[in-house]
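Student: Take a look at this one; I'll ask things after.
Since every read-out is calculated from the coordinates, none of them should be taken as a lab result. It should be emphasised that the depicted structure is a prediction, and the values quoted were computed from it without experimental measurement. In this analysis, Cβ positions are derived from the backbone assuming ideal geometry, glycine residues included, and neighbour counts consider all displayed protein chains.
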Amino acid sequence: MTTLARKRRAESSLEPGSVERLVIIGFMGAGKSTVGPIVADRLGWTFIDLDDEVAGRAGNPVDEIIRGRGLDAFRRLESDAGGEVLRRRRVVVAVGGGWPAEPGHMELLTDGTVSVWLRVSAATALARIAACVTPRPLLEVADRLAAAESLLAQRREHYRRGDIEIDTEHRTPDEVAGDILKRIAPRARDRERHGGHTEREESA
């Protein structure tokens with residue numbers, strides 16, 4: 001199935017009960033781990049940060065895994081954890097920035113899964129993570145902007161495979177979360193507004 005066909009299928013099938021999991025993809029600093037919990041809370045689902053899942057299983061933070069065992073070892077741990085997490089239902093999963101670019105990962109997003117690409121520029125990403133205490137081993141270079149732009153360029157084609165694309169530039173996490181919910185749960189919000197029934201159901 002082509003990327004366009006998958007996007008159209010996702011957009012046309014966002015009925016209550018048809019979406020079992022939401023996967024948030026995008027570059028570091030896009031806001032995946034900030035927006036994800038907001039969306040999960042509003043849906044009444046569980047939020048999972050895949051980096052935290054990997055760290056918990058390995059017993060070390062992601063940056064220590066990469067420095068101590070190497071990037072390839074981290075990617076293997078990430079693949080194993082992702083394969084298990086993406087079998088769960090009623091979850092919002094934020095994956096690492098490089099996860100979508102790994103062979104076979106986007107193919108794990110089966111029916112019932114909607115992926116959302118949070119789009120961000122390299123410059124904005126760096127500004128956002130500047131205040132973050134989480135180390136970023138892949139950006140520990142002299143020219144961080146050049147490194148970020150290069151990395152984003154390599155990954156952009158994989159991010160574009162997401163079902164839904166959301167711009168995060170100059171927007172708050174609440175605004176981005178609200179935009180996601182508008183795209184994936186219009187009927188669900190109608191049910192909440194009318195005490196568990198949609199207008200069509202009430203008139204039936």
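Student: Output the Cα-based Rg and Dmax of region 138-186 in Å, rounding Rg to one decimal and Dmax to a whole number.
Tutor: Using the Cα atoms of region 138-186, the pair Rg, Dmax is 14.5, 46 Å.
Student: Kindly identify region 68-184 as rounded, prolate or oblate by the Cα gyration tensor criterion: order the square roots of the eigenvalues as a ≥ b ≥ c, call it rounded if a/c is under 1.5, otherwise compare a/b with b/c, prolate if a/b is larger, else oblate.
Tutor: Oblate.
Student: Compute the projected area of the convex hull of the Cα atoms of region 35-118, averaged over all viewing directions, and report it in nm² to one decimal place.
Tutor: Dividing the Cα hull surface by four gives the mean projection, 5.5 nm².
Student: Oh, and also: Take 79, 115, 18 and order them by how many other Cβ atoms sit within 10 Å, fewest up front. Mind dumping the intermediate values first?
Tutor: Details: 79 17, 115 24, 18 14.
In order of increasing Cβ crowding within 10 Å: 18, 79, 115.
Student: Hey, quick one: spin label on residue 64, modelled 7 Å out along Cα-Cβ, who in region 17-53 has an amide N within reach, i.e. under 17 Å?
Tutor: Residues 51-53 fall inside that zone.
Student: Sticking with this one: Cβ neighbours within 10 Å, averaged per peptide: list 101-113, 32-44 in order, most packed at the top.
Tutor: Working: 101-113: 14.3, 32-44: 19.8.
Taking the mean over residues of other Cβ atoms within 10 Å, the ranking is 32-44, 101-113.
Student: Give me the distance in nm between label points sitting 7 Å out from Cα along the Cα-to-Cβ direction at residue 174 and residue 149, one decimal.
Tutor: 3.5 nm
Student: Also, I was wondering about something else. Net charge around residue 61, counting only other residues with Cβ within less than 14 Å of its Cβ (Lys, Arg = +1; Asp, Glu = -1)?
Tutor: Details: positive: 57, 67, 69, 136; negative: 49, 51, 52, 53, 63, 64, 78.
Surrounding charge for residue 61 is -3.
Student: For residue 71 and residue 131, compute 0.36 nm times the residue count separating them, minus their Cα-Cα distance, and round to one decimal in nm. It would help to have the intermediate numbers written out before the result.
Tutor: Working: separation 60, 0.36 × 60 = 21.60 nm, distance 2.40 nm.
Contour length minus Cα-Cα distance gives 19.2 nm.
Student: Given a Förster distance of 22 angstrom, what is the FRET efficiency for residue 90 paired with residue 57, based on the Cβ-Cβ distance and rounded to 0.05?
Tutor: Details: r = 21 Å, r/R0 = 0.97.
So the FRET efficiency works out to roughly 0.55.
Student: Let me ask something else. Order the peptides 67-78, 139-150 from the highest to the lowest mean number of other Cβ atoms within 10 Å of their residues. Show your work: numbers first, answer last.
Tutor: On the way: 67-78: 15.5, 139-150: 13.8.
Order by mean packing, descending: 67-78, 139-150.
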